[in-house]
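Presented below is the structure to which this report refers.
The values are calculated or read from the model by the stated rules, or taken from the named source; none is laboratory data. As the structure is a computational prediction, the values presented were derived from the model and not from experiment. Neighbour counts are summed over all protein chains in view; Cβ atoms, including those assigned to glycine, are modelled from backbone coordinates with ideal geometry.
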Amino acid sequence: MALGGWFGTLADPGGPRARRARVLVTFVVMGCPLVFLFEELSRWRWLATAALMALAFAMSLLRAVGGSAGTLGTFLTIIAAIASGRTTISGADAVYWALGGTLALVVSSIVWPVWTHLPIRRAVALIYEELASYLEDAERASRTTGGRDGNWTDLVRTHHRRIRAALEAAREAALAGRARRQGETQFGGTIRALLGAAEVQFPLLASLVVEIESREPPLGLEMTRLKELAATNRAVAAVLSSSDFRGPAARLRQIPRRPQTAATSLAERLAARSEEAADLAVDWVRSLAGVRNASASVPRLPPGTPTALTAVVGVGTFDGERGVPALRARVRALCDALSGNSPFAEHALRVSLASGAASLIGDVVSPSRVYWVTVTTLAILQPYPGATVKRASERVVGTVLGCVLALLITTTVRSPIALTILLVPLSVAAVATRPRSYRLFTFFLTPVFVLVTGHAHDWHAAALRASDAILGGAVAFVAGVLVAPSSERQRLPDALSEALSCLSRYASAVLGSLSTDHRPRGNERTDSPRRATGVALGAAETALERLLAEPLGDRSYAADAMLLLTYARRLGTALTSIDVLAQSDPRGAATAGADVVGDYLSAVLRTAATFAIHGRSPSDTHTPLPPTPPGIGAMLERVVRWAALIAGVVEHRRPGINQ
């Protein structure tokens, strides 16, 4: 029961309560029969080892579905490894484990939720706070001095410096958060999308303020729009910075979507683009908390958007899929992960072989606690050699020091009640240090693990745990370094460029099929490029994680690659939604503007692929992007939105763009 509660706490993905509950219910429902099955199989060591290898392979493939699924798969494999090494077999263990997991579910999603994404959300919220302060001070300066006071220049310089500092801090926080997680998550991707929307809004607002400052006198309508924009940005910041944002997000219903009006001046056009970008941020924040849009109508994109930087004003709802479409997407991702060149399949094979070897070694050197070697191997082994080596050293050092602490506890404390009380601060310290230092996490975790699983009151358990940790670390090290190793210093640019090129071909196939009267049977035209895109994005995602784990990596390029992959995945999801709709209901698929949107995507992704190779997009290779088409459907608007965010990353690093 203690193990069920402990692993249930670690499996908590963070985010909205409903999402946490779904993940932990899945964890409990899947883990309960695994505990029962592997305790039964523990009677036959070789059969249990073979079953564990098969389970490790299947659970490792869940990384293709997402970061939360990958973490869930790792913990389920660890639970199965512990159950396969139990010396006493009892069906009640599965029930007790389920009770512990249910208790973790109640605590984490109802009684005492811990908001794991809160630091990153607050970093992004600070950007929107700074944007709101910038607009408020600019409106106040224009109203009182008409822009003719010398303090105006100081105001602009001060706010620009603060906004840029907040943007860089948020990018670094997002990159650090991404480096600590295995695989992409929908919640984290949306937070990074909000970061991209803020980066797009800043130059629009800067241009708007400069234009208003030159007007004499400023128009009252322009001042009103500045105040409304400031209020919207401040509302977005309030939601992002709150721990449980359901209450603040509900107040966003009071922000109506502004009607489209004909712009007669440059200031009005800039104000309209800024308002649409702010509305986009509001839509995304609503989606995070599950709040519906205030208006069911979807405004259309105006024609003539000149660059990718301002094309982000496309609107729509959040791209997260649920129900049957979500199940189909996950099944397709798993099928794609089984391809021969998939990094997910390589890692699954690596984990399977390592878990089998660790189980057999543990049976020989530590038959009473055979699972300790296996658990250490599974916890250390990562999809990339750099992270595996780093984690192996941290795990072994932390475990050995933790065993010393466990030795002190087991030799001085005999009362079960006293031991239970000691487990509380140790568990709290382990969970608190987990996002910051894996070595400290292991140091505090080891005494808990020894006391919970070993029930030992002498020094033998601690000494045995230390030796098993060294053996498990050695197995993981050998598997991570020798089985399909690779360095990502040179691989990530090529992998990212290939993913963007595959995405471009997929976009051409999907959008091209909309304009044809005859769609191939079984959607044959889009199946192959969709599968190739999924495999390529998975390879690029793995390459990014490997690069983040390697020392002395290019953090700036890694941050850009992180955003490109986030937006590329969302763009691929939007294209798949169009493709599925066109296949099931050809007459219901929106075809207006598909050709122009296809040209737009082709130009954006071609430039982004060049950027991925060189780290910068040379000025002489830049192809002016076509304007966004008028009158397109909501699904095509969603495609344009994500493509524009991809282009925004390239524009951010273009020579001269920040001068």
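The figures follow:
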| quantity | calculated |
| --- | --- |
| Search result, residues across the range 182-223 that are small (Gly, Ala, Ser), over 14 Å from Leu280 (Cβ atoms) and modelled with pLDDT of 70 or more | Gly188, Gly189, Ala206, Ser207 |
| Flag if Ser467 is out of contact with any Asp or Glu (no Cβ under 9 Å at 6 or more places or on another chain), surrounded by fewer than 18 Cβ atoms within 10 Å (Cβ to Cβ), of a type in the set (S, T, N, Q) and assigned to a helix (DSSP H, G or I) | yes |
| Qualifying residue in the range 88-97 (condition: crowded, with 23+ Cβ neighbours inside 10 Å and not assigned by TED's automatic domain parsing to the domain that holds Leu360) | yes |
| Scan of the range 365-415 for residues that are touching a His at 6+ places or on another chain (Cβ under 9 Å) and part of a helix (DSSP H, G or I), ordered by number | Thr410, Thr411 |
| Residue ID - surrounded by the most Cβ atoms within 10 Å (Cβ to Cβ), chosen from residues in the range 476-493 that are in a loop (DSSP other than H, G, I, E, B) and at pLDDT 65 or above | Val483 |
| Meets criteria (touching a Gly at 6+ places or on another chain (Cβ under 9 Å) and surrounded by fewer than 19 Cβ atoms within 10 Å (Cβ to Cβ)) for Met1 | yes |
| Candidates Ala58, Ala48 - the one that is under 30 Å from Arg531 (Cβ atoms), of a type outside the set (Val, Ile, Thr) and not assigned by TED's automatic domain parsing to the domain that holds Ala271 | Ala58 |
| Qualifying position, being without any contact (Cβ under 8 Å) to a residue 60 or more places away in the chain, surrounded by fewer than 18 Cβ atoms within 10 Å (Cβ to Cβ) and not aromatic (Phe, Trp, Tyr), among Leu401, Leu338 | Leu401 |
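This table checks each residue for (1) assigned to a loop (DSSP other than H, G, I, E, B); (2) of a type in the set (S, T, N, Q); (3) free of Cβ contacts under 8 Å to residues at least 12 places away in the same chain; (4) crowded, with 18+ Cβ neighbours inside 10 Å.
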| position | (1), (2), (3), (4) |
| --- | --- |
| Leu99 | no, no, no, no |
| Val106 | no, no, yes, no |
| Pro113 | yes, no, no, no |
| Pro119 | no, no, no, no |
| Leu135 | no, no, no, yes |
